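See structure below.
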């Protein structure tokens with residue numbers, strides 16, 4: 001499937017029970033689902049376009065919300081190990097609804113970051129959070145904004 005993301009090389013292998021992709025951040029092979037394809041493609045784009053070390057990207061980051069353990073799809077940290085971006089991914093067939101945004105804002109209450117990104121690979125919602133409120137910004141600005149936050 002064509003995504004609205006820059007093309008990148010992913011290491012994929014076929015096993016008897018399906019396709020697997022090498023997650024370079026987790027350093028393991030994971031089942032290649034449509035959502036995982038979006039995650040791997042987006043995170044490769046972010047890593048390649050910003051130069052951020054893979055060690056500063058946590059896929060499936062555990063966050064506790066109301067006493068329940070939940071998982072952020074991806075969190076990017078700066079060099080001081082402070083979280084700077086939360087990503088929420090959906091399969092391309094899943095629309096980015098208010099429920100998806102509520103999910104990412106719930107993660108953000110427990111893990112405050114200045115940048116939030118929700119993506120299904122076809123549509124991207126990029127949000128900047130500042131003391132004076134929130135604002136949307138174009139996906140094309142994501143690499144520069146991540147680099148700016150990473151340098152703080």
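Could you please let me know if residue 116 is within 15 Å of the chain's Cα centre (by Cα), in contact (Cβ under 8 Å) with a residue 12 or more places away in the chain and crowded, with 18+ Cβ neighbours inside 10 Å? Criteria met by residue 116. For the stretch 120-152, a tally of residues being in contact with a strand residue (DSSP E or B) (Cβ under 6 Å, 6 or more places away or on another chain), crowded, with 16+ Cβ neighbours inside 10 Å and in a strand (DSSP E or B) returns 3.
Within the stretch 6-26, residues that are at positive phi and free of Cβ contacts under 8 Å to residues at least 24 places away in the same chain reach partners that are part of a strand (DSSP E or B) and surrounded by 11 or more Cβ atoms within 10 Å (Cβ to Cβ) with beta carbons closer than 7 Å, at six or more positions or on different chains, in the pairs 18/31. Of all the listed residues (38, 63, 57), the sole one being under 14 Å from the mean Cα position of the chain (by Cα), surrounded by 13 or more Cβ atoms within 10 Å (Cβ to Cβ) and free of Cβ contacts under 8 Å to residues at least 60 places away in the same chain is 57.
Bear in mind that the values in this text are calculations on the coordinates, not laboratory data. Owing to the predicted nature of the structure, the values given are computational and were not obtained by experimental measurement. Virtual Cβ from ideal backbone geometry, glycine too; neighbours counted across all protein chains shown.
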